[in-house]
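Here is the structure we will look at, set down as C-alpha cells.
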Amino acid sequence: MKSNFKTSFLRTLLMTTVFVLPAATGCKKIKDQLEQPKLPPPQTGSAEQVAPALGISLDAAVSEKERTLFKEDIRFLQNINFKPEPEGYFFKAFSFNGALNILKFIDDRVGFIIGRDTSVDSRFSYTSNTGNHSGKAVTIATNIGMAVWLETIAQKRPIQFFVNNTSVPVNDPRVGIIRLAEGYTNYDGEGRPMNTVARTTVLIHEARHSDCTGGLSERDAINLAAGQLPENRSCGHLHTICESGDYEGLAACDGREWGSYAMGWLYANEFKNNCESCNEAMRQTARVVAIDSLLRVGEGRAASMLSKSLPPPDLSSTPTLR
Ligand SMILES: [Zn+2]
C-alpha cells in the first residue's frame, strides 16, 4: 500500500520543518512515501544520550560538527537565565511546577536527533523518502516524527523507527524525531553555523511540531487517508502558505495560533527584556529572530500577541483519535 500523500501542495504543508532567517527564503519538502515490503532492521550503532537528565539521543551517525553544536545548544539552554514576568506568555509556556524550564519543553517533545547525512528511509520499518531543498531554501531541521505519525494515522498501521540498534514505535508525535539539515551546521554556505540563539529557537520551533494540540477526529483520519489535510491544523502545527511579505506564497507561516513560529517568537522575544545571562550580541540575534518569527504568525495573531489579548498557548497534545 502506498501513501496517499502525493500532491506537492500537501507535502509542502506537511513538511514540518523550516526555519529561515530573513537572509534566505524558501521552504523544505518532505515526501513520505511508505511502501511495502517491510524492511529489515538496519545496524544503526549506539546512540548517545545528550545529557544525563535528558531523554534526547544523538544518533550514532550524527556528525562530529552536528554533535558539538547540538551539545552546545543544550548547554546554552541549561545555563540561560531569564527573569520573566509571571503573568507573561513566556512564563506560562515554559514554566513547570513554578520553575522556568525551557529544556523540559524540548525534552518532552524531542527524543532523537539524526544527522543530515543519514538516510531517513533506512530507519523506518517502511520506507520514507525525504525531498530535496527547493529554490533558495535553507533548511535547518525537520520534525520527521510528526510527519510519520500522521502517516500511521492515515495508513492505520504501526511504523517503527530504528535507532540505537532497536526499534521505536512512532505511536506518539512526541517521540520527536528531528533531523538536522544543512543550515544547522552550514548556514551561510561557507561552513559557518547559525549562532546558538538562533539554533535554540529552531529547537523550540521543532519541539512545537511534536504537539497534536486538540487531537484528531475520525474525520481528520479520513482526510489524511485521502491525502488531505486534517481539519485540525493545530495537530502538528502544520505550516501554512504565507499571505504577504518576504515569504508570500511559501509554506513558511503558522496556520493557527501558537504554532511553531509563535513559540519561537516567544522564546527569542524574551531575550530583549528578561534575559539576565545574555550579552548584547545574543540580544541582537534574538531581536532579528523574533521579528522574523513574528512575520510568520499571521498579521491578526501578531497584533493580538503583542497586545497580550490572545489567550496563552495550549501546550497539550493528544496522540489518539478522539
Ligand atoms: Zn516548522
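FYI, it's all coordinate maths here, none of it is from the lab. Not measured: the values here are computed from a predicted model. All Cβ positions, glycine included, derive from the backbone under ideal geometry; neighbour counts span all protein chains shown.
For the cross-link pairs 71/92; 92/156; 104/272, which exceed 32 Å when the distance is taken from alpha carbon to alpha carbon? From 71/92; 92/156; 104/272, over 32 Å: 92/156.
Please report the net charge: other residues with Cβ closer than 12 Å to the Cβ of residue 83, K and R +1, D and E -1.
Values: positive: none; negative: 85, 270, 276.
Overall, the nearby charge balance is -3.
Put in order of Cβ neighbour count within 10 Å, fewest first, the listed residues 140, 241 become 241, 140.
Which order do the peptides 188-194, 215-221 take when ranked by the mean count of other beta-carbon atoms within 10 Å per residue, highest first?
Numbers: 188-194: 12.7, 215-221: 16.4.
The peptides rank, most packed first, as 215-221, 188-194.
Straight-line cross-link reach from residue 308 at under 17 Å between alpha-carbon atoms covers these aspartates and glutamates, not counting any fewer than eight positions away in the same chain: 85, 87, 257, 270, 299. Computed packing ranks the peptides 47-59, 172-184 as 172-184, 47-59, most packed first, by mean other Cβ atoms within 10 Å. Assuming R0 = 45 Å, what is the FRET efficiency of residue 122 and residue 306, from their Cβ-Cβ distance, to the nearest 0.05? FRET efficiency, residue 122 to residue 306: 0.50.
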